[in-house]
Amino acid sequence: MSVRNREWPVALALTPALILILAPFIWLVVSSFKTEAEIGQADPFTWPADLMWRNYLDAWQIGGFGELVGNSLINLIGVVILSLITCAPAGYALAKIRFPGREWLFYAFILGLTVPVQAIVIPLYQVLFGLNLVNTLTGIVLVQVSNGIPFGIFLMRSFFIGVPDDLIEAAKIDGASHLQILTKIFLPISTPAVQALVIISALSTWNDFFLPLIVLISPEVQTLPLGLVRFASTYASDYRLVFSGTVISFLPIILLYILMQRRFTEGLTQGAIKG
């Protein structure tokens, strides 16, 4: 039996699970194009008579999604850039630079994966309050970066360990510093791991509700998940607006994942194998 033929039973077995997972999303997207009368029909799975693109325009304008999306993009870009700046050098140092206490330092970072953010939310808020970073996008960016550092370091270190030490020695002979080795050699050949870190950071940041709920208070600085909850509670009876706003909230990050899913899988699998 060929490899392709062996894949068919697996695909058939997973098809029902795939349908169960996708059905709510498909229903939500289809319902977002319906009128309020069509949504209230007895059969919720009917196709809309006309695609009501107006629902999205109304939701965008009424819910102020332009400002919410802008805040979320600023938050996402800040978290992704700072995560790369911190996790890549730290992963390189813990993988390739020998210094006293290196293993213990790595274990200390890994220990951070076991601590839920809910357990430290009170001292976290007190620190932000003391630094005047409560209710600011800077504050939420720093909090989310620190929350993702343990996994980011683990991912980058796992990939860097598999890179031959001969590359470092050859670069040192040419007079390269560790920073030059990292930026000119390690990062270019670790593109899958970098892209996996970018996607994970983007997904967790875009969908994060708990940390922004604690840090961001004013509607002017709130991110999309917070704004969506506020919008849904205000217009709870207007399902067409709520459905359209929900699709607006998750569509960008789903498109990002679809476009980069192959790199995401490569980064995780190569890091796991090399680690």
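The values are calculated or read from the model by the stated rules, or taken from the named source; none is laboratory data. Values in this document were obtained by computation on a predicted structure and should not be read as measured data. Positions of Cβ are backbone-derived with ideal geometry, glycine not excepted, and every protein chain shown enters the neighbour counts. Protein only, heavy atoms only, side chains kept; ligands, DNA and RNA dropped before computing areas. Shrake-Rupley method; radii C 1.70, N 1.55, O 1.52, S 1.80 Å.
Here is how the numbers come out for the structure above:
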{"read-out": "Candidate set from region 218-237 (those that are assigned to a loop (DSSP other than H, G, I, E, B) and modelled with pLDDT under 90); member that is surrounded by the most Cβ atoms within 10 Å (Cβ to Cβ)", "value": "Y235"}
{"read-out": "Test: F154 is open to solvent by less than 80 Å² (accessible area, probe 1.4 Å) and either over 30 Å from I217 (Cβ atoms) or touching a strand residue (DSSP E or B) at 6+ places or on another chain (Cβ under 9 Å) (or both)", "value": "no"}
{"read-out": "Condition check for I85: farther than 23 Å from T246 by Cα, surrounded by fewer than 16 Cβ atoms within 10 Å (Cβ to Cβ) and hydrophobic (A, V, I, L, M, F, W, C)", "value": "yes"}
{"read-out": "Complete set of residues in region 233-245 that are under 18 Å from W27 (Cα atoms) and in contact with a helix residue (DSSP H, G or I) (Cβ under 6 Å, 6 or more places away or on another chain)", "value": "Y239, R240, L241, V242, F243, S244, G245"}
{"read-out": "Of all residues in region 26-55 being touching a residue at least 40 places away in the same chain (Cβ under 8 Å) and open to solvent by less than 40 Å² (accessible area, probe 1.4 Å), the one that is farthest from L256 (Cα to Cα)", "value": "I39"}
{"read-out": "Those helices (runs of 4 or more DSSP H) lying entirely in region 1-81 with at least 3 residues aliphatic (A, V, I, L, M)", "value": "3-31, 54-62"}
{"read-out": "R240 vs. criteria surrounded by fewer than 20 Cβ atoms within 10 Å (Cβ to Cβ), assigned to a helix (DSSP H, G or I) and at pLDDT 85 or above", "value": "no"}
{"read-out": "Cβ pairs under 7 Å, 6+ apart, first in region 206-217 and closer than 23 Å to L256 by Cβ and assigned to a helix (DSSP H, G or I), second among the small types (G, A, S) and open to solvent by less than 10 Å² (accessible area, probe 1.4 Å)", "value": "W206/S72"}
{"read-out": "Among (1) crowded, with 18+ Cβ neighbours inside 10 Å; (2) aliphatic (A, V, I, L, M); (3) over 28 Å from L224 (Cα atoms); (4) under 25 Å from the mean Cα position of the chain (by Cα) - the single one I168 does not satisfy", "value": "(4)"}
{"read-out": "Condition met for P252 (closer than 14 Å to N71 by Cβ, at pLDDT below 90 and open to solvent by 50 Å² or more (accessible area, probe 1.4 Å))", "value": "yes"}
{"read-out": "Residue within region 121-135 that is under 22 Å from the mean Cα position of the chain (by Cα), part of a helix (DSSP H, G or I), over 25 Å from A95 (Cα atoms) and touching a residue at least 24 places away in the same chain (Cβ under 8 Å) present", "value": "yes"}
{"read-out": "Scan of region 180-211 for residues that are touching a Gly at 6+ places or on another chain (Cβ under 8 Å), among the hydrophobic types (A, V, I, L, M, F, W, C) and open to solvent by 10 Å² or more (accessible area, probe 1.4 Å), ordered by number", "value": "V194, I200"}
{"read-out": "Test: residue in region 96-118 that is acidic (D, E), assigned to a helix (DSSP H, G or I) and touching a residue at least 60 places away in the same chain (Cβ under 8 Å)", "value": "no"}
{"read-out": "Residues (touching a Leu at 6+ places or on another chain (Cβ under 6 Å) and over 23 Å from E38 (Cβ atoms)) located in region 227-245", "value": "G227"}
{"read-out": "Selected residue (only one of A88, A93 is modelled with pLDDT of 90 or more, within 20 Å of the chain's Cα centre (by Cα), assigned to a helix (DSSP H, G or I) and farther than 30 Å from I39 by Cα)", "value": "A88"}
